[in-house]
Structures are given as C-alpha cells and as structure tokens.
1. When a footprinting reagent is the concern and you count Cβ atoms within 10 Å, what order do C30, C318, C590, C227 take, fewest first?
2. Report the gain in length on full extension from N78 to D147: 0.36 nm times residue separation, minus Cα-Cα distance, nm rounded to one decimal.
3. Once you have the Cα-Cα distance between V390 and F158, take 0.36 nm times their residue separation minus that, and quote the gain in nm to one decimal.
4. Return the long-range amide H neighbours of I503 (sequence gap of 5 or more, or a different chain), with a cut-off of under 5 Å between placed amide H atoms.
5. Pop a pseudo-label 7 angstrom from the Cα along the beta-carbon direction at both A263 and S499 and give the gap in nm to one decimal.
6. Measuring from label point to label point, each 7 Å out along Cα→Cβ, what is the S367 to R252 span in nm?
7. Would you mind checking the pairs K220/K300; K531/K566; K531/K623; K71/K174; K236/K300 and listing those with alpha carbons more than 22 angstrom apart?
8. How large is ³J(HN,Hα) for each residue in the stretch 602-615, as worked out from phi by the Karplus curve 6.51 cos²θ - 1.76 cosθ + 1.60 (θ = phi - 60°), to whole Hz, x for Gly and Pro?
Amino acid sequence: MTVKRPVRPSFPLMVYLLVAILLAMAPVVCLLSFVDSVDVRQELEENAIESRNQTESGIALSMNLVDTGLKLFDNTLNHEMQEGFGLFIAEYERAGRDPGEMDLFRVKEQLGGRMDLYVINESGVIVYTTYPPDLGYDFREIPSFYDRIAEIRLNDAFSADRVVAEISTGELRKYAYLPSPDHHYLFELGLAESEFQQYRTALKYRDMVRGLVDLDPDVKELRIFDCLGTLITGKKHPDDDRRLAMVRQAYRERTTLEVENAAAGELTRYLFIDMTDSNYASDMSLVVELTYNTKAAETKLAGILGGHTTVLLIAILCIGCLSVLAAHHLTRPIRTLVEDVDAVARGDLDHHIRVGGDEEFVHLAESVSAMVASLKETMRRLRDSEEEIVRYSHTLEEQVRERTADLEESNQMATLYLDIMGHDINNANNVASLYADLLLADLEGEPDAELLRKAKMGLTKSMEIVRNVNTIQHIQGGGRHLEPIDLDPLVRREIERSSISGITYAGTTVTVLADDLLSEVFANLFGNAVKFGGPAVGIDVRVEEHGEEVIVSVEDTGPGIPGAIKPRLFDRMVKGTHTMAGTGLGLYICRMLITRYGGRIRAEDRVEGRPDCGTAIRFTLRKAGEGGSP
C-alpha cells in the first residue's frame, strides 16, 4: 500500500502567522485613523458652518447699521419736501383739479428747480411729470410698492420716502408723496441733489462688510443686489441670468438660498437682508450673494489624512517588525518538531523527538513520540497479518474454484433434469391426451364421459405447466439475443394455432425487438381469454405505433378482472377468483418476457369503469431500427 505524503504549503507557518498578526492589527489602526478622520471632517464642517453663520450675521447687522445712518440723513429732507407740496396742491386747485391743465414746470421753477413733480393715477401709472424719462411708468410692475402707494393715495397724510435709485437712470433721488384732495391722484416730489452721492459714498454697504469678509478666508466673493435685482456692488458674471433668478427668488420668498458647485469647489449663498419699514413706501431690503470656497476644508482634510497615512504606515512597519520577532519565537518549537517528523517520515522510526517550547508543544512532542511507537507496533502487526492473509488467500482461491466447479456441474444436471422432464412428461401428456380424446369420442353421451372430460382438463393443465416451466428456463438461460421480429406473421401464426374462432386482427407492418419466445405472450393471453371466457369469447388484437414504441392490445369479452387484483395480476403465483384459475405462471411469464424486451404490461377494463364487460391487456415493445438493427 502506497501512502501519499501531503502537499507542503506554499509558505512557512511563520509567514502565515505574521500575516495573521498584521491582519489583526492593521484594521484596528486603520479604524482608529478612520474614526479620527471622521471627527476631523465633522469638526472642519462645523467650524465652516459656524464661521459662515457669524459672517452672515455680521453682514446683516452691518447693513442694518448703514441703513439706519442713511435713514437719518434721508429724514433731514422731509420738512423741505412737505412744504413743497403746498404749491403742488395750489396748482391742482387752480387747474380745476384737472392734471392736464396744470403747469407743472412753473411749479418746479417756483420750488427752485431742485424737485421734479409726478402725478400718479389710480392705476399706479405716472400720467404727468416734469421728468420725461419716467412718464408712463407703471408701478404695478412692482406689486409691493404699488400696494403701498395705493394705500397712501387713499389716506390724507404726507408720506416721505427714502433716497433711492431712480428707475430710468439710476440717479439718486429723495421722494415724498401726498394724495390729491379728491384722492383721485397721488402727487410725488423727487428731489435730486449732488450731495446725495457724497453722503452715499461716505456710507457704503461694501465698506462696512469688507472687514467681516476679510476675517473669513473661505469667502471668495461678495455681491449686493437691491429689491429690483439691480447689482449694487460687485463684478458681473457670464451666468448672471441664473444668479439673478436666484436673487429674485430669495427676495420673493424672503429667505436664504444656496447653490453648491462641487466640481468648482464653491458654495453660493443668497442672503436676504430684511430692511423693510412701514413708514416708507420703498423697500430697502437687499440680497447679498456670498461665494464660499469649499476646497479649503478639503485641503486641510487632505493634509490631515496625509499625516494619518504616514503615521499608519509607520505603525504598520513597527507592528510588522515586532510580528516577525514574535512569529520567529513562536514557530521555533514547531520547526524543530517538523524536522523530527520528517526524519520519521523518511523511515527512521528510531529518531528521537526533541521536546521544547511551551507546555502545549511539549504535549505535542510527547504525543508524536507515542504515535511513532504505536506506528512501529502497528507495522509489525501488519507484517504478521499480511503473511496470514497471503496464506488464507491461496486457500480461499482453491475453495472458490472447487465450489464453482460443483455449481456448474449442479446447474448442468438441473438443466438436464428439466429437459428430460419437459420432454418425457410432455410426451406422456400428449399420449394420454390423445387416448382421452378417443375415449371421449366413444363415450359421447355416456355418464362416464364427464369424468373423462375432467381428466382431459387435468392433462391440459399439466401440459400448460410444462410449457411454462420450459419458457421460464429459456428466459433465465439468457442464451437468446434480441433481434428484429416481424410482428404480423407471428400474431397470425398464434391466431391459427388457437382454437378460438372469434379473434379479430387488422394486421400491421411493424418490426419489433424480441426473440422467438414472444409468441408465448400471445399464446398465454389467448389461452387465458378462452379459459375464463369460454370457446365463444370474442378477442380483438390491435397494434398501434407511437414514435419509437409499439402498443399491443389484447381485449376479450370475458367476465373481466376485479379492480383489487389488477395491480398484482402479473406477480408470481397470483391466481384469479374464477373457478378456472390456473397456476398463476402464465401472466408472470408474460411480464418477464415484456420486461426482457424493454417494455411494460398492464391490465385494464375493456370498457372503462365496467370490469364485467371484459379485460384489456396492453403491453409495449420497442421498434427495431432501420435495416433490422436494434
């Protein structure tokens, strides 16, 4: 017996142990680094948000402070403009309250030429003015402002407005409003002074917020828009159409919006600064566009990650060096033990197994020593057993040869006895049957004729038994090979041999795989039909082709077979319930033959559901191939 040695692993145990230690420690170090990186990222994000909130809060506060200063300056002009409405109202009364008859330019000269006059109708349209660029302007385009001046027109009070940019030219003007006495019109005065620009320059929104913006290094750009979406300060951009839409949305919703451009590393926030005042018609609210650089935090995080990576590599290197030393120390007893076991494996069973290392390795070495000792004893016993087996094998072979020869001789004698019995008993039965037929002819009508007829039936049954035994002997002998058999002449030959006159058969041209014992199937089926149905029984033989298979049906009009017997009808020694039931070998032989031919056989009712209307025995056969080959 050859014992195959196991295949050695690709690497020494120390390498696997080293890898195991690294795999155990590296994830811990990586996890710690990852957790720290997540904390740093979260801290950077929180700091950026906090810095952003502080910057935006400072911007909102600074702009409100600037607007408060501008409001104080604007209010210093209210008294002068309120006095100017006296001449405006007087001219309206002089013209019979018809704005078309008013001489607005004369009133402007009376006011020193510093103020322009506007007449706004109930629809919010400037219908008369001394300032042609604004003639026909419809304030309904600014719904919130239109609602405010409509409210002023319906009241009786003077209402001063702020210094704002004039719509057509952008020139700074101070506006004030007073309704006409009949409330059909709203009178407006617009004061234009060169000092406005000087004061506005002294108080600039951008200058107030520049210090706050400079404190936040993440702010890339700041732009300010008024309530109409006009750029007050800042540079223009190619995509200002999109940006202006965001400005108007932020103003309309009076909230803060943001748009992130991850590819460019930018975050743009549109901050709504609410500076509405119910005392003034104009809305001084602003929208501040702040563009933040989001790559700064990523750059810081990348630097931190780089430092973590360096620390991680150094840690892994240190762990690797320590792991090498530990693995070398741990595997030294194993290497020693492997050397000793290799020596034993090469056949040196007397090689001493060295003991060393920790307690577990000592126990392992002692176990290996005990195993080697046991192996030596086992090998000795195997050699002794092998010699005994060789001796016993020679004796057994001789006994098998003797038993085989005796068995062959017994089989030959059994076959001889069966042949003698089949031949001699069959001849004796034939002679007895012949004399019985002669006696029956002489004793026709005599009382003793019935006894002789029963003797004749016994002889017939004996002849059937002998034929069945011979058939079984031929089947089990196995000497015959399957070959193509022309089915039609075989069926017709068995019909001719039968004493039944009521057999119908349409014929067939099919060739099946069988041998000369196939005729026994039809002989047994015809004999059973006559035995149970009488000489007048009707038999119908049909052959149907189904692909590579042939179905043969033998149907009779006899008394039928009970349903309880059908499942075991073809078993050995199973007899029917009829008084004429035989030995039970006929259908058993049919099943043996059909099975030998590779087919199946079953019993059914000739009329489905009516067992008393006769029996149908159906069996299948295989077709022979082209040219008569299987």
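Computed from the coordinates by the stated procedures, all read-outs in this text should not be read as laboratory data. As the structure is a prediction and not an experimental result, all values here were calculated from the model. Cβ atoms come from the backbone with ideal geometry, glycine included; neighbour counts cover every protein chain shown.
1. Numbers: C30 14, C318 11, C590 24, C227 20.
In order of increasing Cβ crowding within 10 Å: C318, C30, C227, C590.
2. Values: separation 69, 0.36 × 69 = 24.84 nm, distance 2.20 nm.
Taking 0.36 nm per residue and subtracting the Cα distance, the gain is 22.6 nm.
3. Numbers: separation 232, 0.36 × 232 = 83.52 nm, distance 13.59 nm.
My answer for the length gained is 69.9 nm.
4. I539
5. Label-label distance for A263 and S499, simple model: 10.7 nm.
6. With each label point 7 Å from Cα toward Cβ, the separation is 8.2 nm.
7. On the way: K220/K300 17 Å; K531/K566 18 Å; K531/K623 31 Å; K71/K174 11 Å; K236/K300 31 Å.
Correct reply: K531/K623; K236/K300.
8. 8, 10, 9, 6, 4, 10, 4, x, 10, x, 6, 9, x, 10
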